[in-house]
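Taking it in order: structure first as structure tokens, then the write-up.
The values are calculated or read from the model by the stated rules, or taken from the named source; none is laboratory data. None of these values were measured; they are calculated from a predicted model. Here the Cβ positions follow ideal geometry from the backbone for every residue, glycine too, while neighbour counts run over all protein chains shown. Just so you know, the surface numbers come from the protein's heavy atoms only, side chains and all, with ligands and any DNA or RNA stripped out. Shrake-Rupley method; radii C 1.70, N 1.55, O 1.52, S 1.80 Å.
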Amino acid sequence: MNQVILSLNRDKFPYVNLYFQDESRYRMMTHLGSIIAAKGVQPIVNFKQEFKNTYLYGSYSPIDGDAFVYEIEQVNCEAFEKYLHAFSKHQPNEYKIVVIDNTGFHSTKNIHLPDNIHLLRIPPYTPELNPCEQVWKYIKDKYKNICFDSIEKIKEWLHEFTKGMDQELIKSITSNHHYINAFMRKY
């Protein structure tokens, strides 16, 4: 851990923040979920299944509830690099420690990382260590049983919904005392 701290070039930036990053797919297939209905009444839900999708790349801070969400129709190294460069412009005076998983396209071999971003990996196959997974679950719980007419309608819905998630909500979803305590001891 001390080697990581020594290698951080954070002295250029007045603020340091911790973010958890992940991606989630949203598609033109109705996400079915349970709903409350009267006993003996079979609920009816419109259903659509088309093979069009979009992805949300998101970084969420359990420290202050800050969030950055980027919608793009692909997941690959180039899209991840575009995302990181766009994220670096969000709060540009902040040094961002971004915890990522070990997805193959998160490879940083051939990408240029912005100066204000440092990536940390969680161990493989441990999604429970990434609070961003809980954000996706929260969004998908609200997304269930909605039948969208087009991929553009999904994008509009996602944009409005994520824009409406305030800092207190983000903190309540991503809060983990282990991460917060470790971060506060160092910064």
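Just one of the listed residues (Met1, Met29) is modelled with pLDDT under 85, in contact with a strand residue (DSSP E or B) (Cβ under 6 Å, 6 or more places away or on another chain) and open to solvent by 30 Å² or more (accessible area, probe 1.4 Å), and it is Met29. Scanning region 62-72 for residues that are part of a loop (DSSP other than H, G, I, E, B) and buried (at least 17 other Cβ atoms within 10 Å of the Cβ) yields Pro62, Ile63, Gly65, Asp66. Here the helices (runs of 4 or more DSSP H) wholly within region 73-187 that include at least 2 residues being of a type in the set (Gly, Ala, Ser) and within 18 Å of Asn17 (Cα to Cα) are 77-89.
Assessment of region 98-111 against the conditions (touching a strand residue (DSSP E or B) at 6+ places or on another chain (Cβ under 7 Å), at pLDDT 90 or above, over 17 Å from Tyr60 (Cα atoms) and surrounded by fewer than 18 Cβ atoms within 10 Å (Cβ to Cβ)) yields no matching residue. In the set (1) closer than 20 Å to Ile170 by Cα; (2) open to solvent by 20 Å² or more (accessible area, probe 1.4 Å), Arg121 fails one condition alone, (1). Contact annotation: residue pairs with Cβ atoms under 8 Å, 6 or more positions apart or on different chains, pairing a residue in region 168-184 that is under 20 Å from Tyr138 (Cα atoms) with a partner that is among the aliphatic types (A, V, I, L, M) and in a helix (DSSP H, G or I), are Ile170/Val135; Ile173/Val135; Thr174/Val135. Of all residue pairs spaced 6 or more apart or on separate chains, those with beta-carbon atoms under 9 Å, a first member in region 99-124 that is under 21 Å from Tyr55 (Cα atoms) and a second member that is charged (D, E, K, R) and open to solvent by 60 Å² or more (accessible area, probe 1.4 Å) are Val99/Arg121; Ile100/Arg121; Asp101/Arg121; Asn102/Arg121; Phe105/Glu78; His106/Arg121; Ile111/Glu78.
Looking across region 124-146 at every residue that is hydrophobic (A, V, I, L, M, F, W, C) and open to solvent by 50 Å² or more (accessible area, probe 1.4 Å), the one that is farthest from Gly65 (Cα to Cα) is identified as Ile146. Reported count of residues in region 10-26, each being open to solvent by 80 Å² or more (accessible area, probe 1.4 Å), more than 20 Å from Leu158 (Cα to Cα) and assigned to a strand (DSSP E or B), is 1.
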